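Worksheet: the structure to be examined is printed underneath.
What follows draws every value from the coordinates through simple rules; no lab data is involved. Keep in mind the model is a prediction, meaning the values are calculated, not measured. Neighbour counts run over all protein chains shown; Cβ positions are idealised from the backbone, glycine included.
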Amino acid sequence: MKKTLLIILAVVVILGLWVWASYNRLVTASEGVDGQWAQVETQYQRRFDLIPNLVESVKGAMSQEVKVFGDLAAARANYSGAKTVNEKVDAATQVEGALSRLLVVMENYPQLRSVETVTTLMAQLEGTENRVSVERSRFNESVKSFNVMIKRLPTNLIAGVLGFSEKSYFEAVSESATAPQVDLQLNNPVETPTN
C-alpha cells in the first residue's frame, strides 16, 4: 500500500513537472511570436515615418498626383486605427499598394530622382522595405515554430487546456501577385524645382 502510494505520488509529481515545463515552453514560444510581430511593427513605423517626408518632397516637385498622396495618407490613418494583427496586416498591405503607385509615378519622372531629398528618402525607404520583408519572414518562422509546438503530442493536450491556440501567419493578399497599374494622364509637365 505504501509502495503504491509512493508510485502514485511520483507519477503525479512527474506529470506536474511536465505540465509546468510545457506551460513555460508555450509561454516562451507565444512571447517569441509577439516579440517578432513587434519587430515587424517597428519596421512598419519606420516606413510610416519616412512616407510623409517622401510625399512632401515629391509633392514639391509634382503636384498633379494628389490621388496617390491621398491614398497614402488614408492608408497610414487606417494602420494607426487598426487594433488586431489582421487589421494591421490589411492596413499595411493598403500602404504598400499606395506606396508602389507612388514609386511607379517617381520612375516615370526622372526629374524627381535628381532631387537630393527624394533620392535620400527613396534609399531609406528601400532599405526599410527590405527590413520589413526580413521581419515578416522571421515572424512567420516564429508562428510556424509555435503552431508546430501546440500541435505535437503530448503538448497539444496541455495547450488546449491552458488556452493556447494557433497563431495566424502574415500572408500576402491575393492582389499582391499583380503589379499595380498607374494611369498617368497629366495636363502639365513636371517642372524641376529651382533653388
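List of remarks:
- The label point for residue 49 and the one for residue 148, both projected 7 Å from the Cα toward the Cβ, are 3.5 nm apart.
- Extension gain, residue 42 to residue 2: 0.36 nm times the residue separation minus the Cα-Cα distance gives 8.5 nm.
- Neighbour counting of Cβ atoms within 10 Å sorts the residues 55, 104, 161, fewest neighbours leading, into 161, 104, 55.
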